[in-house]
1. For residues that are of a type in the set (Ser, Thr, Tyr) and at the interface with chain A (Cβ under 7 Å from one of its Cβ atoms), scanning just region B:118-147, find the one that is farthest from B:MET51 (Cα to Cα).
2. Within chain A, considering only helices (runs of 4 or more DSSP H) that don't extend past its boundaries, which have at least 1 residues that are modelled with pLDDT under 70 and at the interface with another protein chain (Cβ under 7 Å from one of its Cβ atoms)?
3. I'd like to verify a number: residues in region B:43-73 that are open to solvent by 70 Å² or more (accessible area, probe 1.4 Å) and under 23 Å from A:LEU66 (Cβ atoms), how many?
Amino acid sequence: MSSRRSRITEEEINELISKLHSLLPESRRRSGASRASAAKLLKETCSYIKSLHREVDDLSDRLSGLMATLDTNSAQADIIRELLRS
Amino acid sequence: MHNNKYLKENPNQPLLAYHFIQALTRINLAAHTTSTKQRSHIIKHAAYVSMAFAAGNKRTWTHAVLHNRFPIKTRFHRLSGSRRSFIVSLSRNKETLHQAHLLRSLVPGGHAMEFSSLLMETANYIQYLTAQVRLMQCIVEKFDMHV
């Protein structure tokens, strides 16, 4: 947790905003971050995070359901092998 | 410059998979004692904890996850960090402030961060969230094949 009062420049902020922009899906490339697009970007970021949270919820439900019906030992060994291979 | 470290990191996917699968194995051992809905909550919790472990100790959001159980339930802290530290050019725009406030509620520990930290932590959090989602999709696919 930084408590130092270092001056964050506008350039660094813009850089961070571009980075965020590039992480969003369907990001439109723009050459600079104006004030208007900063608000828009934050809004899109919020929607994106919410949709990711919903996906985690949904996938947790599905995993839970699948676990109830699964013959585990062989499946797990295969899963682990496949995931660690990639 | 210290900022650049935040910008260049890629999620540690093997570590993420390791933690999460370990958790799933434990959860599965107790599967006969839990209802599907209970288990879903436990799996979801394990997902966020795995993300936090894989992302490591240097992030505010990982601390918030590991200490508050679910990121969504982070309490609103009226800390000076979220009020004082605005960049002048952005602070004149009310819409930006409003969106930043909303974002703080979505990122674990968001209300305690300075604005620039919020941006960096958000980027990192999104990277780990997407990695976690991909991991879970992958596992679901494999499970599906064996059912």
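The values are calculated or read from the model by the stated rules, or taken from the named source; none is laboratory data. Quick caveat: nothing in here was measured; it's all calculated off a predicted structure. We place every Cβ from the backbone using ideal geometry, glycine too, and count neighbours over all the protein chains shown. Accessible surface areas use protein heavy atoms only, side chains included; no ligands, DNA or RNA. Shrake-Rupley method; radii C 1.70, N 1.55, O 1.52, S 1.80 Å.
1. B:THR122
2. In chain A, A:35-69, A:72-85 are the helices (runs of 4 or more DSSP H) which contain 1 or more residues that are modelled with pLDDT under 70 and at the interface with another protein chain (Cβ under 7 Å from one of its Cβ atoms).
3. Of the residues in region B:43-73, 0 are open to solvent by 70 Å² or more (accessible area, probe 1.4 Å) and under 23 Å from A:LEU66 (Cβ atoms).
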